[in-house]
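Read-outs throughout are calculated quantities, based only on the coordinates presented, and are distinct from any laboratory measurement. Because the structure is predicted, anything quoted here is derived from the model rather than measured. Neighbour counts run over all protein chains shown; Cβ positions are idealised from the backbone, glycine included.
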Amino acid sequence: MQNQNILMKKQNMRTLNDSQGFTLIELMVVIVILSVLAVWVAPKIMGRPEQAKQVKAKVDIQSFETALKLYRLDNGMYPTTEQGLDALVTQPSTGKLPTNWRSGGYIEKGKIAKDPWNNDFVYLSPGIHGEFDIISYGADGEPGGEEYNQDINSWEIE
């Protein structure tokens, strides 16, 4: 009886040991599948940094538009071209001065960010296409251009 119990325990242990872990073939199949996915997906992701920069520029322009509208609500006017977007973080001391400039400014981080290509945004007030225009000249930093060098304009953002 004792011998049978010992044999059964050994068989149970052998069964447990046999069922644990993966075989080399299973691991190789998983590695091949992951490699194929990486080769297929990586180029699609890597080809999008310029597109992501364009999206970021549009989001930044929309943030400036919101801050400019708050500025106008408080002061009855938009900052002039000479005062620029800096009027959103530092109270202007030249030109037509704001009467009710908000302490702390209108931009959360307290500074005007550059566009994703490290160029200044262009601000015009009054604008050619509206009360104000905000422009990022794209990757080349020059007016005009196509694809990634294309200008991103406030009046074209939906």
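Per-structure values
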quantity	calculated
Qualifying residue in the range 143-150 (condition: of a type in the set (Ser, Thr, Tyr) and buried (at least 16 other Cβ atoms within 10 Å of the Cβ))	no
Residues that are touching a Pro at 6+ places or on another chain (Cβ under 8 Å) and in a loop (DSSP other than H, G, I, E, B), drawn from the range 54-77	Met77
Hits in the range 78-111 - residues which are surrounded by 14 or more Cβ atoms within 10 Å (Cβ to Cβ), part of a loop (DSSP other than H, G, I, E, B) and in contact with a helix residue (DSSP H, G or I) (Cβ under 7 Å, 6 or more places away or on another chain)	Tyr78, Pro79, Pro98, Trp101, Arg102, Gly105, Tyr106, Ile107
Within the range 119-144, considering residues that are assigned to a loop (DSSP other than H, G, I, E, B) and touching a residue at least 60 places away in the same chain (Cβ under 8 Å), the one nearest to Pro79 (Cα to Cα)	Phe132
